[in-house]
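Below: one structure, written as structure tokens.
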Amino acid sequence: MPACRQAGLASNFELTMAHEHKLEIFRGLLKFKSNTSKIWGVLIFLTIITTVEVALGIIKPAMLTQNSFLGMKILNWIFIILTLVKAYYIAWDFMHLRDEKTALRRAIVWTPIFLVAYLVFILLLEADYVYEVYKTGFVEWNF
């Protein structure tokens, strides 16, 4: 087989592979006609989530900052959840996890989610302990 023909087959193969990616998001609720339009759709989705985070950070609604859940303000929980949603979606779409086997997807996605939840739990527990020591103990606040 001539080299130019092999090169032609390779370029056709590359074109075929480029169109095999799913052009839908949100489990098929939104379907796009091209990869470019899908990238714009994902960009708009991530921009909306980031805009909500920034707006909540600037406004800081009193209802979300005064009430707490599991030792942390509800606004902080919203930030953590929205950040995890963005991280998950970036890995799902831009790292093409949706095209992988279920076991690999779960290993990649659920491991960091479990570790982040564990880290948040440890940080909250330790921070509460340090706060109680300074509040009721013999050590004074010097900072």
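The values are calculated or read from the model by the stated rules, or taken from the named source; none is laboratory data. Bear in mind the structure is a predicted one, so any value in this text is a computation, not a measurement. Heads up, the Cβs are rebuilt from the backbone with ideal geometry, glycines too, and the neighbour counts pull from every protein chain shown.
Below is a table of values for the structure above.
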| read-out | value |
| --- | --- |
| Selection within the range 117-143 - in contact with a helix residue (DSSP H, G or I) (Cβ under 7 Å, 6 or more places away or on another chain) and of a type in the set (A, V, I, L, M) | Val120, Val139 |
| Considering residues of the range 44-97 that are of a type in the set (S, T, N, Q) and under 13 Å from the mean Cα position of the chain (by Cα) only, the residue modelled with the lowest pLDDT | Thr83 |
| Residue check, Trp92 touching a helix residue (DSSP H, G or I) at 6+ places or on another chain (Cβ under 6 Å) and not acidic (Asp, Glu) | yes |
| Lone unmet requirement of (1) among the acidic types (Asp, Glu); (2) at pLDDT below 60; (3) touching a strand residue (DSSP E or B) at 6+ places or on another chain (Cβ under 8 Å) for Glu24 | (2) |
